[in-house]
Amino acid sequence: MTAYLYTKNNPHAPMRENGKRFWGHPERFNGLDSIRCIGVHTGEINPSPASGEAIARYLRDQASSPASYHYTNDSDSEVTLLPDIAVAFGIRSFNTPTLHMSFATHANMWGSILCGIQQLCYGQLEKQLNG
């Protein structure tokens with residue numbers, strides 16, 4: 001499956017080594033072995049079954065400043081934005097060792113959905129660790 005941010009060029013992002021325009025880099029220094037932590041983000045969007053896809057479209061088509069994640073999740077789906085081997089731009093000066101996940105909600109709603117988020121995070125981490 002092609003990562004969502006590779007399906008259409010973002011006109012605001014620079015052209016990368018893989019011929020795509022997106023905020024990030026196609027490969028990590030030292031590959032997947034460089035992943036040391038998970039960056040958990042909120043998309044600051046009203047949660048709905050389509051909000052993960054809305055975040056993905058914004059990052060792919062409109063983001064005019066460096067921003068990207070590896071995954072975004074909403075109540076019924078997960079969108080793979082970048083492959084794990086890529087560097088996403090989610091935490092300035094700490095992107096290479098981080099696997100970035102964005103949840104389609106507001107930060108102030110975090111406590112009400114923490115259980116579901118933990119299950120998604122553990123599923124991603126287990127998938128990453130077990131290949």
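For Arg28, indicate whether it is charged (D, E, K, R), over 12 Å from Ser68 (Cβ atoms) and crowded, with 17+ Cβ neighbours inside 10 Å.
Numbers: charged (D, E, K, R): yes; over 12 Å from Ser68 (Cβ atoms): yes; crowded, with 17+ Cβ neighbours inside 10 Å: yes.
Spelling it out, Arg28 is indeed charged (D, E, K, R), over 12 Å from Ser68 (Cβ atoms) and crowded, with 17+ Cβ neighbours inside 10 Å.
Residue count for the stretch 31-66 satisfying the condition of being out of contact with any Pro (no Cβ under 8 Å at 6 or more places or on another chain) and under 16 Å from Asn95 (Cα atoms): 9. Of the residues making up the stretch 15-25, not a single one is farther than 16 Å from Tyr69 by Cα and aromatic (Phe, Trp, Tyr).
Read-outs: derived from the displayed coordinates by stated rules, not from any lab. Just so it is clear, the model here is predicted, and its values are computed rather than measured. Using ideal geometry, Cβ is built from the backbone for each residue, glycine included, and neighbour counts are taken over all protein chains shown.
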